């Protein structure tokens, strides 16, 4: 009886309000590359590529700037973390995460939510992980590829920003990823990638400062000469949304007349759009058919 009572208490300890995430190291690609270079001559003690290893939580590192392609707060991920944390109580360890070995540490490539679930559940055991055997550049792209496939689809905004990040990894005329590769990884159009390359080339002309940290929207604002002390993204979104609402009104589409037809039509236009819209609406407000939001590829 005492054992069952302890088990019940332990299960009740996991709540949505108690979601925990691993500490982010804040490291950059350059910092991790330096670690790899410094350890290049040392004895490699890591398991072979593709091997499943058991790691202690203390040996696993999170570098969001390098391996996480999602925008924080855009997709409501707490429910997924909560469900996986509960699953550890019923079935034990989750599917293996994917890690890149660097010196004596392992950086998460795929499995950030699973790692958060372990932390939320107060997991005491080892964590199963698959060792990634590619280079750092390959690991960065594998992280993007994994994000595109998992249970939380990337929003259009996230896909666009991911493509912009890939473009910014290169220099004018020296692009590490082909246009077709960027299109495949980020699910954006070729025209979008071309515009990004043109923008990045212009920003490298020498007359602009602080370009490395610019988002795609900020880059466009800077090139259009509309830059302010601080880019007002909320106002920009409001203006774009109002323009779209005006277009819909002029076309007399009456989207709120039959929401079921509207939902089906949107899904026909883009199968992933309904899920993206729900992800945007859920954290902010209940569904309101009179409000129109635009978050498809903005440029």
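A short reminder: the numbers here are calculations on the coordinates, not readings from a lab. Computed from a predicted model, the values in this text were never measured in an experiment. All Cβ positions, even for glycine, are placed from backbone atoms using ideal geometry, and neighbour counts span all protein chains on display.
Just a few scattered comments:
- Model label sites at residue 248 and residue 145, defined 7 Å from Cα along the beta-carbon direction, differ in position by 3.7 nm.
- Label-to-label distance, nm, for residues given as residue 36 and residue 86 (7 Å Cα→Cβ offset): 3.9
- Projecting label points 7 angstrom from Cα along Cα→Cβ for residue 13 and residue 79 puts them 2.7 nm apart.
- Peptides 84-97, 205-218, 104-117, 246-259 ranked from most to least packed give 104-117, 84-97, 205-218, 246-259, packing being the mean of other C-beta atoms within 10 angstrom over each peptide's residues.
- Cα coordinate range in the stretch 156-281, projected on the principal axes (Å, largest first): 52, 34, 24
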